[in-house]
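Asks: Sharing a structure here in structure tokens format.
The values are calculated or read from the model by the stated rules, or taken from the named source; none is laboratory data. A quick note: this is a predicted structure, and the numbers were derived from the prediction, not measured. Heads up, the Cβs are rebuilt from the backbone with ideal geometry, glycines too, and the neighbour counts pull from every protein chain shown. Heads up: the accessible areas ignore ligands, DNA and RNA and are worked out on the full protein's heavy atoms, side chains in. Shrake-Rupley method; radii C 1.70, N 1.55, O 1.52, S 1.80 Å.
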Amino acid sequence: MAKQMIMGNQAIALGALKAGVNLVAGYPGTPSSEIIEFISKYNKKTGTYVEWSINEKAAAEVAAGASYAGSRTLVTMKQVGLNVASDPVMCLSYVGVKGGMVIVSADDPGPISSQTEQDTRNFAQFSKIPCFDPSTPLEAYEMIQEAFEVSEKYNTPVLLRPTTRVDHAYESMDFPELSPCRQAGQFVKDSKRWVIFPRSSYNNHKRIFERNESILPQEFSKSCWNKIVTIGGGSLPLVLSDALASTSRGGEGGGSLPLAPAADASSATPSSGAHPRNAPAFAAGGISYCYLMEALEILKAENPDNKAIQNVTVLKIGTPYPFPAPLAIEFIKANPEITVFEELDPVIEDALIHICGTEKLNCTIHGKHDKSVPEAGELSVEYVKNILLTQIFSTTSDPAAQSPKTEAPSLPIRPPVLCAGCPHRGSFYAVKQAMKGKKTAYCGDIGCYTLGNAQPLDMTDTCLCMGADITMAQGFYHNEPDRYCFSFIGDSTFFASGITGVVNAVYNQAKQTVCILDNSTTAMTGHQPHPGTGVTMMGQIVEKISIPKILEAVGVNPIIEVDPFDQEKAVAAVKEASEAPGVSAIIFKSPCISIAAKLGYPKPVAKSVDNEKCIGCRKCINELGCPGLSLSTKTNAKGKQIVEIDSALCTGCGLCAGVCPVKAIN
């Protein structure tokens, strides 16, 4: 086995393949998308079935069917996708599974690319499903294999909860030899087991309670993922691994290197009695554990004479639910004061506080509740280090030695924008021009087109969750019938969660215009296929599912398909659709500029500005907001700065040429 730098999501994929997973289903969502994409590269070698399902609910249900038969299954999604999958997942907790079933729900502290900062660890407790929380890619690789074992041992789904920095970190690890997946199971009919009824749920609830409150806390307290690490005397019992975590947001410190156990680690178990009493004590899990250990190593090197820094104990939690209570009790008994570092919700902190109450232990727990640790956003090594310096340790070292002599300049603010040549810009602009002066509501959705809210387009009034644009527009209409209500949804999102909203609109006699921004891909998460593309993750070429036919079958009328870059026809289409009674639809069809060449579209030619004609009115910049347009240092005859086009960015879409009042763009 050769060592390679492996991304966290790839490590999760490899761990699942190593465990012999038979079926993998999911829905794209940053930061989890690469897991399925990596597994699909090896499906011919392993025989693993892989699919992008239309949404997370469908993925969980597909996996459940195979798991009932005894096959091992993996479901992947981001944390908000778990909301969509929650119906089957909650029921699976009660019904149980036969073949190992692991659900990867990738959390997104920050959030960096999500609507919420929800914490999957809390969902685990809510749904009564065991949860593993890796702190490095290597841990994720090993944890997912154990998660399959736990799933089959206790006939329960198991959650794996990596966070963005673990998903996208890289670590040097052995690339495993991959063998064919396990032999597929055979479904055995047993309606008493597989048909969910109130009485069976009652009996299973009692069994689940016993497992989560008595059995697993004992088992997890002996797990290698939960341990008490003693830091004393010489070097720290942890060394830097090769995992390279991405840089945290500016102002909160730079990136960090996650830490892995050293071969000669001097960690003490609860039964050994080796951990010192009254030393500074901490608890952490996930990537926060790595941040804490690296911060302690830095402080240890900077303050060799500070005895408090040289003598520390840390409780590492890798299975936050069920919580390893026996291990935690021993840790609390030895430490009258504990500070908890974790991202998102105070899950570990609350568990320790609960134990203090039920066991009547005298210990002060610091963390998010008393504002010792930030209650929202990401942590970082620098952030943790500053907390340690200001709240835990009193240092006597030279402050100049602890900070750079010259401060790095702040990074420029770079808000996300629609790409140059993005067809969504033309779609938004056409609706904006057609509806000037009218009372409107523009309901947006989750995708690249959420960026339609930015100036100068300003065409997204609301954005809640996937599919909500269509149904929220109905609420606006029923509340204010004189308002023109528009919804904007992508082609992939339409299949995922838009169809039911359209059915609801037609059935309940709403008046709205559904704008489907069809760019022939799932662009925001990495150009994954969807039912309208005619390609599956198994490489099969299948018949494309027609969006116009779905709309027609539901009863939408009119259904107008138009190229958003043909502004004259696009504006006319919007006017026609907006005045039609009932539910109308406009399909703005043009490929994402990133895949246009792959789909056979001709290579675009960049536009240019005629310096003699440009009057410096800036209409193209002020109305479109295309990143390919900017002001030049050159001026025209009247002394006004003229516009220039960045040929490296311009795709030749021609939208700006149509906007220019003097036809200065060629």
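Asks: What angle, in degrees between 0 and 90 and rounded to the nearest 10, separates the Cα long axis of helix 8-18 from the longest principal axis of the Cα atoms of the chain?
Replies: That helix lies at roughly 70 degrees to the long axis.
Asks: Summing -39500 (n - 2.57) over the DSSP H runs of n ≥ 4 in the chain and dividing by its residue number, what mean residue ellipticity at 222 nm do you reach, to the nearest 500 deg cm²/dmol? Display every interim value, and only then the final one.
Replies: Details: 24 runs with 222 residues, N = 666.
Only helices count here, giving -9500 deg cm²/dmol.
Asks: Given axes a ≥ b ≥ c from the Cα gyration tensor, I'd like to know whether segment 17-129 is rounded (a/c under 1.5), prolate (a/b larger than b/c) or oblate. Could the numbers behind the result be given before it?
Replies: Working: a/c = 2.06, a/b = 1.21, b/c = 1.70.
Here segment 17-129 falls in the oblate category.
Asks: Assign one of three labels to segment 272-342, namely rounded, prolate or oblate, based on the Cα gyration tensor with a ≥ b ≥ c the square roots of its eigenvalues; rounded applies when a/c is under 1.5, prolate when it is not and a/b is larger than b/c, and oblate otherwise. Can you show the working numbers first?
Replies: On the way: a/c = 2.70, a/b = 1.35, b/c = 2.00.
Oblate is the answer for segment 272-342, as a/c is 1.5 or above yet b/c matches or exceeds a/b.
Asks: Assigning unit charges at the beta carbon (Lys, Arg +1; Asp, Glu -1) and nothing else, what dipole magnitude in debye, to the nearest 20, does segment 510-666 show about its Cα centre?
Replies: On the way: 16 positive and 14 negative charges, 94 e Å.
The calculated dipole for segment 510-666 is roughly 460 debye.
Asks: Met77's amide H: which non-local residues (gap 5+, or another chain) put their own amide H closer than 5 Å, with H modeled 1.01 Å from N in plane and none for Pro or chain starts?
Replies: Amide H neighbours of Met77, under 5 Å, 5+ apart: Val104, Ala106.
Asks: Hey, with R₀ at 45 Å, roughly what FRET efficiency would Lys549 and Ser410 work out to, going by the Cβ-Cβ distance, to 0.05?
Replies: Values: r = 52 Å, r/R0 = 1.16.
Efficiency, from the Cβ-Cβ distance: 0.30.
Asks: Ok, one more. Leaving out same-chain residues fewer than 8 places away, which aspartates and glutamates sit with a Cα under 13 Å from that of Lys613?
Replies: Partners within reach: Glu644.
Asks: Can you list residues from other chains, or at least 5 along the same chain, whose modelled amide H is less than 5 Å from the amide H of Tyr484?
Replies: Counting only residues 5 or more places away or on other chains, the set is Lys439, Thr440, Ala441.
Asks: How big is the accessible area of Cys653 in square angstrom, nearest 10, if you roll a 1.4 angstrom probe over the protein chains?
Replies: Estimated to the nearest 10 Å², Cys653 gives 50 Å².
Asks: Would you kindly derive the ³J(HN,Hα) couplings of segment 360-372 from the backbone phi angles with the Karplus curve 6.51 cos²θ - 1.76 cosθ + 1.60 (θ = phi - 60°), listing them in order in whole Hz, with x for Gly and Pro?
Replies: Using θ = phi - 60°, the values come out as 6, 9, 8, 8, 9, 9, 9, x, 6, 5, 9, 6, 5 Hz.
Asks: Provide the percentage of antiparallel DSSP beta bridges, counting only those with both residues in the chain; round to the nearest 5.
Replies: Within the chain, antiparallel bridges account for around 30 percent of the total.
Asks: If you average the alpha carbon positions of segment 422-460 and of segment 109-155, how far apart do those two centres end up, in angstrom?
Replies: 37 Å
Asks: If contacts are Cα pairs under 8 angstrom and at least 6 residues apart, what is the relative contact order of the chain in percent? Show your work: numbers first, answer last.
Replies: Numbers: 1444 pairs, mean separation 69.2, N = 666.
With pairs under 8 Å counted, the relative contact order is 10 percent.
Asks: Which ³J(HN,Hα) values in Hz, rounded to whole numbers, follow from the phi angles of segment 123-137 under the Karplus curve 6.51 cos²θ - 1.76 cosθ + 1.60, where θ = phi - 60° and Gly and Pro get x?
Replies: 5, 4, 5, 4, 8, 6, 10, x, 9, 10, 10, x, 10, 9, x
Asks: Roll a 1.4 Å probe over the protein heavy atoms and report the accessible area of His205 in Å², nearest 10.
Replies: Its heavy atoms expose roughly 70 Å² to the probe.
Asks: Per residue, how much accessible area does the chain have with a 1.4 Å probe, in Å²?
Replies: On the way: 28680 Å² over 666 residues.
I get 43 Å² per residue for this part.
Asks: Which GluC sites (Glu not before Pro) in segment 349-381 pass both tests, a DSSP loop state and at most 15 other beta-carbon atoms within 10 Å?
Replies: Values: sites: Glu349, Glu359, Glu375, Glu378; in loops: Glu375, Glu378.
Here the GluC sites (Glu not before Pro) that fit, given the DSSP loop and packing criteria, are Glu375.
Asks: Roll a 1.4 angstrom probe over the protein heavy atoms and tell me the percent of accessible area of the chain that is carbon or sulfur. Mind dumping the intermediate values first?
Replies: Details: 15470 of 28680 Å².
So the carbon and sulfur contribution to the accessible surface is 54 percent.
Asks: Something else about it: Among the aspartates and glutamates, which have Cα under 15 Å from the Cα of Lys598 when same-chain residues fewer than 8 positions away are ignored?
Replies: Those aspartates and glutamates meeting the cut-off do not exist here.
Asks: Follow-up. Over segment 524-625, what relative contact order in percent results from Cα pairs under 8 Å that are six or more residues apart?
Replies: 17 percent
Asks: Is the C-alpha gyration tensor of segment 518-666 telling us rounded, prolate or oblate? Criteria: a/c under 1.5 is rounded; beyond that, a/b larger than b/c is prolate, otherwise oblate. Intermediate results must be reported in sequence, preceding the final value.
Replies: Values: a/c = 3.50, a/b = 1.68, b/c = 2.08.
It comes out oblate by the Cα gyration axes.
Asks: Here are a few candidate values for Rg and Dmax of the Cα atoms in Å: (i) 27.9, 86; (ii) 25.7, 83; (iii) 32.3, 105. Which one was actually calculated from the structure I just gave you?
Replies: Given (i) 27.9, 86; (ii) 25.7, 83; (iii) 32.3, 105, the calculated one carries the label (i).
Asks: Hey, another quick one. Taking Lys57 as the anchor, which lysines have their alpha carbon closer than 22 Å to its alpha carbon, excluding any fewer than eight residues away along the same chain?
Replies: Excluding near neighbours in sequence, the set is Lys78, Lys98, Lys128, Lys544.
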